Amino acid sequence: MSNTDNTQESQSSQKSQDSRNSRKQTDNTADDRPNPMEVLRQARGQLEELTGMTAESVSSFEQTEHGWALEVEVLELERVPDTMSLLASYQVELDDQGQLTGYRRVRRYERGRSEPRRSGGH
């Protein structure tokens with residue numbers, strides 16, 4: 001076999017290896033994105049750490065163009081009886097890796113109170 005053949009084989013082998021490595025990097029990028037359960041856990045943990053309050057539940061969750069949007073129910077003030085405790089709904093935004101990028105309180109309510117009826121039959 002001539003040096004030219006060896007060089008061509010070597011270049012072909014290198015291109016094949018580069019192609020496989022490129023696919024692996026692309027696949028790893030997709031695999032690096034957290035699954036929805038990981039996002040929920042991260043959001044609750046990060047919000048608790050930032051606010052010092054207990055996240056009780058997630059009442060809405062959706063993937064957005066830029067990451068994730070959640071509404072998290074938080075215990076703001078514990079009272080006795082528990083039905084008088086104050087809860088709040090926080091709108092939480094996360095990037096596509098599950099890192100919190102912002103939050104804000106959207107409403108505050110007593111645990112034992114239901115929301116007022118909305119017009120339109122809902």
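The values are calculated or read from the model by the stated rules, or taken from the named source; none is laboratory data. This one's a predicted model, so the numbers in the text were calculated from it and none came from an experiment. Here the Cβ is made from the backbone with ideal geometry for all residues, glycine too, and neighbour counts use every protein chain on show. Side chains are part of the model used for accessible areas, which takes the heavy atoms of the whole protein and leaves out ligands, DNA and RNA. Shrake-Rupley method; radii C 1.70, N 1.55, O 1.52, S 1.80 Å.
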Using the structure shown, decide if THR101 is of a type in the set (S, T, N, Q) and modelled with pLDDT under 95. no
Hits in the stretch 33-49 - residues which are free of Cβ contacts under 8 Å to residues at least 60 places away in the same chain and surrounded by fewer than 17 Cβ atoms within 10 Å (Cβ to Cβ): ASN35, PRO36, MET37, ARG41, GLY45, GLU48, GLU49
Identify the single condition in (1) of a type in the set (Gly, Ala, Ser); (2) touching a strand residue (DSSP E or B) at 6+ places or on another chain (Cβ under 9 Å); (3) open to solvent by 40 Å² or more (accessible area, probe 1.4 Å) that GLY52 does not satisfy, given that it satisfies every other one. (2)
Being in contact with a strand residue (DSSP E or B) (Cβ under 7 Å, 6 or more places away or on another chain) and free of Cβ contacts under 8 Å to residues at least 12 places away in the same chain is the filter; apply it to the stretch 55-78 and report the residue that is most open to solvent (accessible area, probe 1.4 Å). GLU62
List the number of the failed condition for GLN91; all other conditions in (1) modelled with pLDDT under 95; (2) in a strand (DSSP E or B) hold. (1)
